[in-house]
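Let me begin by presenting the structure, written as structure tokens, before commenting on it.
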Amino acid sequence: MPTTARLVAALWFATIGWLAANAFVPQLGAGASAGYLREVAAGIGLLSGWLVMGAMAGRGYSDAVGIGLTTSVILALLTLLGFSTWEMVVDATHGRYGDSPMAAIAGIFSTMLDHAGQMAIPGVLGTLVLGGIGGGLAVEGASRTWR
């Protein structure tokens, strides 16, 4: 059911997804294109905020901090999974994995680990942690204000 808390959560975490992706772009290198990284991360943040944070609003401020951090982790993991899967598909069409589907699936997770290591910079981690805490508190406040 649509609530104001879900709307606030969706918009907040869409913004967090966009900001975290924007902080990650310099890690791609000077010649690399970010493509739709920001937009996809914002879309995943929108869904994560609506489905996770928004659905669990109204449990108190201390729980809201934990749920906000959980939503940030889900946002980061789903974004990593999505882009690693896309990169695997591109590599598979170029014959990188040969005829082995298991090598392609393993390639998704090795790519996720590589990108997670690149993500471990203060800009991205700070955005996710502070954004998750702030989002939890903002959504809990919205839940209490507009019931």
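The values are calculated or read from the model by the stated rules, or taken from the named source; none is laboratory data. None of these values were measured; they are calculated from a predicted model. Don't worry about glycine lacking a Cβ; one is built from the backbone with ideal geometry, like all the others, and counts go over all protein chains shown. With ligands, DNA and RNA removed, areas are computed over all heavy atoms of the protein, side chains included. Shrake-Rupley method; radii C 1.70, N 1.55, O 1.52, S 1.80 Å.
Tell me the accessible surface of residue 33 in square angstrom (1.4 angstrom probe, heavy atoms of protein chains only), to the nearest ten.
100
Using a Gaussian network for the chain with springs between C-alpha atoms less than 10 Å apart, which of these wobbles most: 131, 17, 31?
Ranking 131, 17, 31 by mean-square fluctuation puts 31 first.
Which is farthest toward the positive dipole end of the stretch 35-139 among 60, 103, 37, measuring Cα position about the Cα centre, with Cβ charges +1 (Lys, Arg) and -1 (Asp, Glu)?
The residue sitting farthest along the positive end of the dipole is 60.
In deg cm²/dmol, rounded to 500, what helix-only [θ] at 222 nm does the chain give when every DSSP H run of at least 4 residues adds -39500 (n - 2.57) and the total is split over its residues?
Taking each H run of at least 4 residues, the total per residue is -26000 deg cm²/dmol.
Can you tell me which of 95, 66, 135 moves the most in a GNM of the chain? Springs connect C-alpha atoms under 10 Å apart.
95
Size of the dipole of the chain about the Cα centre, Lys and Arg at +1 and Asp and Glu at -1 on the beta carbon, nothing else charged, in debye to 20?
Once rounded to the nearest 20, the dipole reads 520 debye.
Pick out the long, greasy-scoring helices in the chain: whole DSSP H runs spanning 24 Å or more along their own axis by Cα, mean Kyte-Doolittle at least 0.0.
4-24, 61-93, 101-119, 122-145
For the stretch 103-147, with every protein chain kept in place, what is the accessible area per residue (1.4 Å probe, Å²)?
The answer is 51 Å² per residue.
Sort 24, 109 by accessible area with a 1.4 Å probe, largest first.
Sorted by accessible area, descending: 109, 24.
If you find the alpha carbon centre of the stretch 17-56 and of the stretch 72-139, how far apart are they in angstrom?
Result: 10 Å between the Cα centres.
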